[in-house]
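Contents: one structure, followed by commentary.
The values are calculated or read from the model by the stated rules, or taken from the named source; none is laboratory data. Keep in mind that what you see is a predicted model, and the values were worked out from it rather than measured. Positions of Cβ are generated from backbone atoms using ideal geometry, with glycine treated the same way; all protein chains shown enter the neighbour counts.
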Amino acid sequence: MADFNEENVRRDVRDWLKANWDPNAKLVDWRNKLADSGWGVPHWPVEWYGKGLPVSLGQVVDDEFARANAVGVAKTGIRMLAAATLLEHGSDFHKDRFLRRILTGEDTWCQLFSEPGSGSDLAGATTRADFDGDNWIINGQKLWTTSAHHAQFGLLLARTDWDEPKHKGLSYFVLAMEQSGVDVQPLRQMNGHASFNQVFFTDAKIPPEHLVSTEGNGWQVAMTTLAHERRGAGGLHGTSREGPRKGNIYDEERAEIATVMEPYKWYPQRAGRVDLIVERAKATGTITDSHIRQEIAKLLILSKSAEWTARRARAAQQQGRPQGPEGSLGKLAASNIARACAHVHTLITQTDVMLTGQESPLGGTIAEILVSVPATSIAGGTDEIQRNIISERVLGMPKEPRFDTGPFRDVPRNIVT
């Protein structure tokens, strides 16, 4: 498509949908057709299921799909993080092997980064990958891995060289989860959910062609994954189309979303639920308390400011600009908002905030908010990590003194390898 203007793109996608959209089609068949057409991910390269359109025109395509009430490619979970990483760093083999099945939803993915002794210190990973001449042999443990219990593949960061400094001895792999050397165990959280898993590797195997980029370049590849995660490229797209939704394809999409989004159903509570604040204050009568009104006003101002920052990040993405500071700023703002929400909910609900069960405030939702909010300050990079990124990479401040330089095998660690 040589003429990248909104009018032509809108006309072309509308004509294509008119000729091809069928709500009674099978979901995978439809998404294969989308992959062949390029309209499923129009900003991807033409040779890899896209149209080569500027990112800024993606909204035009989305608008036309919404107008037709048409289902798009699979975007739930972290599969788009995998796709974005493989598009940037993967070989033609990786793209040919994995991208289409990501778009059709036939494969699900998980992210094998954090470990018990190096959650925030990602470069301190000690899961090891040793090449035996035929395969990479994986031994170690990962933690906080969402969806590992039903994933076919995992994005794995593992140590391949213990004599290099910590950031240089890592490599990035695609790991097949469904093998005897991979043991997935769910973790029960204090809010009652079990969204995360710990994953143990005992002589798990990875074929050499599943190494992404080159040996020792894992840190750079992982930074691409995290940049897209913080910017929202792998957002949790868990809502099916509005409007009339009768047909086989909608039934299959609903079932897919219900399965993939199950681990994330408490995520609105961990964000603090700003949307409940004003109505709760009115319902309880605390809206008349001047102190509580001031706390609510501060929270709403903070929330709106964060929303504007997120919009700047989305606008930059749509214009094809590189990742800026908005990701870390937004992540840190989300933590501050979540904590402020917990504080304000407590002021509004008072001692009843500790009650759980169906007869507690909003059927236990308020109590769930309080025990879920701490996760926002930890997941996806702690507040302390985000502050370091902002101070060092955005503000240009001096880096923290380091005591973990030199060969990684000589660096003191929390666990024995």
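Among the candidates 200, 173, single out the residue that is within 23 Å of residue 381 (Cα to Cα), assigned by TED's automatic domain parsing to the domain that holds residue 156 and in contact with a His (Cβ under 6 Å, 6 or more places away or on another chain).
173
Of the numbered conditions (1) closer than 28 Å to residue 87 by Cβ; (2) modelled with pLDDT of 95 or more; (3) in contact with a Gly (Cβ under 9 Å, 6 or more places away or on another chain), residue 249 satisfies every one except a single condition; which is it?
Only one criterion in (1) closer than 28 Å to residue 87 by Cβ; (2) modelled with pLDDT of 95 or more; (3) in contact with a Gly (Cβ under 9 Å, 6 or more places away or on another chain) is unmet by residue 249, namely (3).
Among the candidates 99, 122, single out the residue that is in contact with a helix residue (DSSP H, G or I) (Cβ under 8 Å, 6 or more places away or on another chain), of a type outside the set (D, E, K, R), over 17 Å from residue 75 (Cα atoms) and surrounded by 17 or more Cβ atoms within 10 Å (Cβ to Cβ).
On inspection, the qualifying residue turns out to be 122.
So residue 60 fits all but one of (1) of a type in the set (Val, Ile, Thr); (2) under 20 Å from residue 245 (Cβ atoms); (3) part of a helix (DSSP H, G or I); what number is the exception?
Answer for residue 60: the failing condition is (2).
Tell me whether the range 369-379 contains one or more residues that are closer than 30 Å to residue 142 by Cβ and modelled with pLDDT under 90.
Yes, the conditions are met somewhere in the range 369-379.
List pairs: first residue in the range 364-384 and among the hydroxyl-bearing types (Ser, Thr, Tyr), second residue assigned to a helix (DSSP H, G or I) anywhere in the structure, Cβ distance under 6 angstrom, at least six positions apart or on different chains.
Filtered contacts from the range 364-384: 372/269; 372/270; 376/270; 376/334; 376/335; 376/338; 377/335; 377/383.
Residue 30 versus (1) exposed (fewer than 14 other Cβ atoms within 10 Å of the Cβ); (2) more than 23 Å from the chain's Cα centre (by Cα): which is the lone unmet condition?
(1)
What strands (runs of 3 or more DSSP E) completely inside the range 113-201 contain at least 1 residues that are more than 30 Å from residue 270 (Cα to Cα) and acidic (Asp, Glu)?
So the answer is 128-131.
Scan the range 295-316 and give yes if some residue there is surrounded by fewer than 16 Cβ atoms within 10 Å (Cβ to Cβ), in contact (Cβ under 8 Å) with a residue 60 or more places away in the chain and part of a helix (DSSP H, G or I), otherwise no.
yes
Tell me whether the range 385-408 contains one or more residues that are closer than 23 Å to residue 273 by Cα, surrounded by fewer than 12 Cβ atoms within 10 Å (Cβ to Cβ) and at pLDDT below 90.
No.
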